[in-house]
Amino acid sequence: MKNPRSTSKPNDPEAARQYCLQLLSGRPRTRSELGDSMRRKGFEEAIVTEILERYAEVGLIDDAVFARAWVESRHRSRGLSKRSLAGELRRKGVDPDFVDAAVEQVSDDDEREAALELARRRYRSLAGQTDDAVLRKLVGMLARKGYGSGVAIPVVKQVLAEAESDAAELLDEDAHFE
């Protein structure tokens, strides 16, 4: 016997509503993510549009709220830069205005503090390595988190200075970054 939920009827609004609610019960999603999932499931465009509009109208879908919560959570838990956070939201199909507004909630000081905490944490695991290796690994780790050299280098310099390491002097030599 077939599971009635495993097959969708492209013109069945009730099945589309149930599927959309099922997606939302797992985790918050953007309007774009929901629409893409519903289309992949085979629902007709008119039904998808109608459901997404109705759910946005009643507040079940709100990309601006999603973007703010995403930025706050990912910045706090993963230490991601504003640039990385904006990229993630754009890939999720969030409107650029909502992306900009959400990312603006992270101040430059907040971003620098997050980078500093990441570098301090990572520094502890690099004990015994050469100063040059520590320097490369810390700057590289921050770059992968989306931090530009304008944030990464001063942060690493501070961490190294806090550790009273000679590696801080390496940052003053231009040859390493040309």
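Note on the chain: with a GNM built from Cα contacts shorter than 10 Å, the maximum mean-square fluctuation among Ala114, Ala46, Ala101 falls on Ala46. If you take the beta carbon distance between Glu72 and Glu44 as r and set R0 to 25 Å, what does 1/(1 + (r/R0)^6) give as a FRET efficiency, to the nearest 0.05? Computed FRET efficiency for Glu72 and Glu44: 0.10.
Normalising the Debye intensity of region 35-92 to I(0), with uniform scatterers on Cα atoms only, and taking log10 at q = 0.27 Å⁻¹ returns -1.01.
Name the longest site-free stretch of the chain, where the excluded sites are trypsin sites (Lys or Arg not before Pro) in a DSSP loop with no more than 13 other beta-carbon atoms within 10 Å.
Numbers: sites that count: Lys2, Arg5.
Answer from the scan: 6-178.
Once the Cβ-Cβ distance of Val65 and Glu117 is raised to the sixth power relative to R0 = 30 Å, the FRET efficiency obtained is 0.70. Once both labels are positioned 7 Å from their Cα atoms along Cα-to-Cβ, the gap between Arg124 and Asp100 label points is 4.0 nm.
Considering only Ser149, Ser32, Ser125, give the residue with the highest GNM mean-square fluctuation for the chain, with springs between Cα atoms whenever their separation is below 10 Å. Of Ser149, Ser32, Ser125, the most mobile in the Gaussian network model is Ser125.
Rg over Rh for region 27-143 works out to 1.16, both radii taken from alpha-carbon positions and Rh defined as the Kirkwood radius. With each label modelled as a point 7 angstrom along the Cα→C-beta vector, the Ser107-Ala161 pair spans 2.1 nm.
Pairwise inverse Cα distances across region 90-141, averaged and inverted, put the Kirkwood hydrodynamic radius at 13.3 Å.
Rg/Rh for region 15-65 (Cα atoms only, Rh after Kirkwood) is 0.91.
The numbers here are math on the coordinates, done by the rules we state, and not lab data. Remember, predicted model here, so these are calculated numbers, not experimental data. Note that each Cβ is placed from the backbone with ideal geometry, even for glycine, and that neighbours are counted across all protein chains shown.
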